[in-house]
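The next block holds one structure in the form of structure tokens; read it before the comments.
The values are calculated or read from the model by the stated rules, or taken from the named source; none is laboratory data. Treat the numbers as computed from the prediction; the structure is a model and nothing was measured. Positions of Cβ are backbone-derived with ideal geometry, glycine not excepted, and every protein chain shown enters the neighbour counts. The accessibility values were calculated without ligands, DNA or RNA, using every heavy atom of the protein model including side chains. Shrake-Rupley method; radii C 1.70, N 1.55, O 1.52, S 1.80 Å.
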There are 2 protein chains.
Amino acid sequence: MTDKTSQARRRVVIRYCPGCRWLARAAWMAQELLQTFEGTLDEVAIAPAESGVFQIWLNDVCLHDRREAGGFPETKPVKQMIRDAIAPDQDLGHSDR
Amino acid sequence: MTDKTSQARRRVVIRYCPGCRWLARAAWMAQELLQTFEGTLDEVAIAPAESGVFQIWLNDVCLHDRREAGGFPETKPVKQMIRDAIAPDQDLGHSDR
């Protein structure tokens, strides 16, 4: 078995502020992304971060930053960005319309 | 900002079988571990894996393998193993008794 802790290639990281109690939100988003990209994402990581932070990263690209965007991400645009980056032919169904 | 996608040092990976529909279980365990080890774990990753797999890894150590153990892990022993490895002085409260 290979080392499962080595860095995955198609990796999402959701960084959240524990003090703001955004863990449940981060876990919800993680499940949304894994459900949609089960065959194409290697992993979704949830990581405690600094105060006020809620960010979604795909590899080294930040897809959403709560501070910059002025709010939390919805699943649809996040899924579209991930699809466009790693699975351009994937139909997202309702999320695409 | 440092690259948030690089490998974290205190990292848990929960590997689950999507076909068995264990994503919700994996996400539940991820939240349990992050809630308890918010200050000491860098991240908990959820990763789709092969058929029938449910494993919990701390860095390169497998803490629980459903096949070997003959069942799913409870939170208490998993938290105790993680505590012993990375935060030996941490009191787990009810989980420790």
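3J(HN,Hα) along region B:60-67, derived from phi through the Karplus expression 6.51 cos²θ - 1.76 cosθ + 1.60 where θ = phi - 60°, amounts to 9, 10, 7, 7, 8, 10, 3, 5 Hz, with x in place of Gly and Pro. Determine the shape class of the protein assembly as shown: with a ≥ b ≥ c the square roots of the Cα gyration tensor eigenvalues, call it rounded for a/c under 1.5, and otherwise prolate if a/b is greater than b/c, oblate otherwise. Oblate. Applied to region A:46-56, the Karplus parametrisation 6.51 cos²θ - 1.76 cosθ + 1.60 on θ = phi - 60° returns per-residue 3J(HN,Hα) values of 10, 10, x, 9, 6, 4, x, 8, 9, 9, 10 Hz, with x for Gly and Pro.
Comparing each chain alone with all protein chains together (probe 1.4 Å, DNA, RNA and ligands left out), the residues of region A:52-91 losing at least 30 Å² of accessible area are A:Trp57.
Only protein heavy atoms count here; on that basis, with a 1.4 Å probe, B:Glu50 has an accessible area of about 100 Å². Rounded to the nearest 100, the interface formed by chains A and B buries 2600 square angstrom of accessible surface, both chains summed, with a 1.4 Å probe.
For A:Phe54, nonlocal amide neighbours, meaning residues 5 or more places apart or on other chains whose placed amide H falls under 5 Å from its own, are A:Arg66, A:Arg67. Peptide B:45-51 is shielded by partner chain Cβ atoms: per residue, an average of 6 of them sit within 10 Å of its Cβ.
Rounded, prolate or oblate, given the Cα gyration tensor of chain A, with a/c below 1.5 counting as rounded? Since a/c reaches 1.5 but b/c is at least a/b, the shape of chain A is classed as oblate. In straight-distance terms, cross-link reach from B:Lys79 covers every one of the aspartates and glutamates whose alpha-carbon lies under 18 Å from its own, apart from those fewer than eight places away in the same chain; here that gives B:Glu32, B:Glu38, B:Asp42, B:Glu43, B:Asp60, B:Asp65, B:Asp89, B:Asp91, B:Asp96. Working note: Karplus 6.51/-1.76/1.60 with θ = phi - 60° gives region B:74-79 the couplings 8, 5, 4, x, 5, 5 Hz, where Gly and Pro are set to x.
Applying a 4.7 Å Cβ-Cβ cutoff to chain A leaves A:Cys62 as cysteine residues with no disulfide-compatible partner. The mean number of partner chain beta-carbon atoms within 10 angstrom of a residue's beta-carbon across peptide A:18-31 is 3.
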